[in-house]
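Notes follow the structure.
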Amino acid sequence: MVAFAGWSLPVQYRDSHVESHVHTRRHCSLFGVSHMLQTKIFGCDRVKLLETGGILDDLIVTNTTEGHLYVVSNAGCWDKDLALMQDKVKEFQNRGSAVGLEVIDNALLALQGPTAAGVADDLRKLPFRTSAVMEVFGVSGCPVTHCGYTGKDGVEISVPTSEAVHLATALLENPEVKLAGLAARDSLHLEAGLCLYGNDIDEHTTPGEGSLGWTLGKRRRAIMDFPGAKVIVPQLKGEVQRRRVGLICEGVPTWAHRPILSMEGTMIGTVTRGCPSPCLKKNVAMGYVPSKYTGTRISIHLPPSPQAK
């Protein structure tokens, strides 16, 4: 167990980190992610309320058919995100807008992997990147979102805290499902090339720099009606000075904060995360380099090995 954002989280369960990682890729695993902040935002101006310039968090926002936005935020940004949303609600209300905010006191279970939808028949009916309130293994009123943060298919199930153990136990009765912890979650996330807030992106990163242009639709790029558009849209159309890139590393694994060098030995960037990839059988990493180095060979500076005494 490790401490994280005021929670105690399991690094791994009975299976090793690598076993959990590979099982998730081939079957599906159950992750306890109740440390995430879940909120509902109501009112006719609920979409405008959430729009900010800069990357303040990487979160999932679902526009539900029940007339509210369902937002899942990172635990590490819980205090910052909640304070920002609460302040925005007051600001909008003072201007006469009808908006409201509710923190959802539910547990959150993530079922991730290619066979996740087959574990419960009702989950098959939910198209990717959509959500619905449904009954899951006898627990009614569960908001379920079809999304995957491991690079494979999956769902996140918001469940009343009193029913969380029952639902988790029911899911684990299926031989396809095993428990997985924080170590597998992180390596799956990195192996899939997905960003981790605070490491790969932060408030000083733009979507263009972070290779996240896909998050902005064509319509919004055209009309430029979002905060930061005057900076972001030109970057998406042209070349940014630096860009997040994926790295396949020869030799020993590399870790965060290692300097990235050109083949001539000049420092050109920094590694944000790195680890051995259990599925690719290679060492992978992410980092930022000047755009002109994209697709080229680079070098990562490693500290000298300690001398034997």
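Of the residues Leu108, Leu188, Leu172, Leu179, the single one that is at pLDDT 95 or above, touching a Gly at 6+ places or on another chain (Cβ under 7 Å) and either among the β-branched types (Val, Ile, Thr) or under 22 Å from Met1 (Cα atoms) (or both) is Leu188.
Residues in region 172-183: is at least one without any contact (Cβ under 8 Å) to a residue 24 or more places away in the chain, out of contact with any Asp or Glu (no Cβ under 9 Å at 6 or more places or on another chain) and either outside any loop (DSSP other than H, G, I, E, B) or among the acidic types (Asp, Glu) (or both)? Step through it out loud before you land on a result.
Residues of region 172-183 that are without any contact (Cβ under 8 Å) to a residue 24 or more places away in the chain, as a first pass: 173, 175.
Adding the requirement that they be out of contact with any Asp or Glu (no Cβ under 9 Å at 6 or more places or on another chain) leaves 173, 175.
Filter once more, so that each one left must be either outside any loop (DSSP other than H, G, I, E, B) or among the acidic types (Asp, Glu) (or both): 173.
Yes, region 172-183 contains at least one residue that is without any contact (Cβ under 8 Å) to a residue 24 or more places away in the chain, out of contact with any Asp or Glu (no Cβ under 9 Å at 6 or more places or on another chain) and either outside any loop (DSSP other than H, G, I, E, B) or among the acidic types (Asp, Glu) (or both).
Residues of region 77-99 that are touching a strand residue (DSSP E or B) at 6+ places or on another chain (Cβ under 6 Å) and charged (D, E, K, R): Asp81 alone. What are the residues in region 191-226 that are closer than 19 Å to Leu280 by Cβ and either modelled with pLDDT of 95 or more or among the acidic types (Asp, Glu) (or both), if any? Within region 191-226, Glu191, Asp200 meet the criteria. Quick one: Ser158 ticks every box in (1) part of a helix (DSSP H, G or I); (2) crowded, with 18+ Cβ neighbours inside 10 Å except a single one, so which number is it? In the conditions (1) part of a helix (DSSP H, G or I); (2) crowded, with 18+ Cβ neighbours inside 10 Å, Ser158 misses (1) alone.
Counting only strands (runs of 3 or more DSSP E) wholly contained in region 201-309, the ones carrying 2 or more residues that are surrounded by 13 or more Cβ atoms within 10 Å (Cβ to Cβ) and either under 20 Å from the mean Cα position of the chain (by Cα) or not aliphatic (A, V, I, L, M) (or both) occupy 242-249, 267-277, 282-290. Within region 246-258, residues that are modelled with pLDDT of 90 or more sit with their Cβ atoms under 9 Å from residues that are assigned to a loop (DSSP other than H, G, I, E, B) and surrounded by 12 or more Cβ atoms within 10 Å (Cβ to Cβ), at 6+ positions apart or across chains, in these pairs: Gly246/Gly193; Gly246/Ser211; Leu247/Thr254; Leu247/Ile298; Thr254/Leu302; Ala256/Asn199; Arg258/His301; Arg258/Leu302. Of the set (1) in contact with a Ser or Thr (Cβ under 7 Å, 6 or more places away or on another chain); (2) over 26 Å from Arg221 (Cα atoms); (3) of a type in the set (A, V, I, L, M), all apply to Val245 but (2).
Just checking, which of Glu239, Glu264, Glu163 is within 30 Å of Ile104 (Cα to Cα) and charged (D, E, K, R)? Lay out the reasoning, then the answer.
On the way: Glu239 fails: within 30 Å of Ile104 (Cα to Cα); Glu264 fails: within 30 Å of Ile104 (Cα to Cα).
Of Glu239, Glu264, Glu163, the one residue that is within 30 Å of Ile104 (Cα to Cα) and charged (D, E, K, R) is Glu163.
Taking region 87-105, which residues are at pLDDT 95 or above and of a type in the set (Gly, Ala, Ser)? If the condition is that a residue be at pLDDT 95 or above and of a type in the set (Gly, Ala, Ser), then Gly100 is the only one that fits.
Conditions (1) within 22 Å of Leu212 (Cβ to Cβ); (2) surrounded by fewer than 14 Cβ atoms within 10 Å (Cβ to Cβ); (3) over 19 Å from the mean Cα position of the chain (by Cα), marked per residue:
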{"position": "Phe4", "(1), (2), (3)": "no, yes, no"}
{"position": "Val18", "(1), (2), (3)": "no, no, yes"}
{"position": "Cys28", "(1), (2), (3)": "no, no, no"}
{"position": "Leu37", "(1), (2), (3)": "yes, no, no"}
{"position": "Phe42", "(1), (2), (3)": "no, no, yes"}
{"position": "Leu56", "(1), (2), (3)": "yes, no, no"}
{"position": "His68", "(1), (2), (3)": "no, no, yes"}
{"position": "Ser73", "(1), (2), (3)": "yes, no, no"}
{"position": "Leu82", "(1), (2), (3)": "no, no, no"}
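Highlighted here are the strands (runs of 3 or more DSSP E) found entirely within region 106-146 that include at least 1 residues which are touching a residue at least 40 places away in the same chain (Cβ under 8 Å), assigned by TED's automatic domain parsing to the domain that holds His21 and within 18 Å of Gly32 (Cα to Cα): 106-112, 139-146. Within region 45-87, the set of residues being touching a residue at least 24 places away in the same chain (Cβ under 8 Å), small (Gly, Ala, Ser) and part of a helix (DSSP H, G or I) comprises Ala75, Gly76. All of (1) modelled with pLDDT of 95 or more; (2) under 13 Å from Leu30 (Cβ atoms) hold for Thr150 with one exception: (1).
The values are calculated or read from the model by the stated rules, or taken from the named source; none is laboratory data. Treat the numbers as computed from the prediction; the structure is a model and nothing was measured. We place every Cβ from the backbone using ideal geometry, glycine too, and count neighbours over all the protein chains shown.
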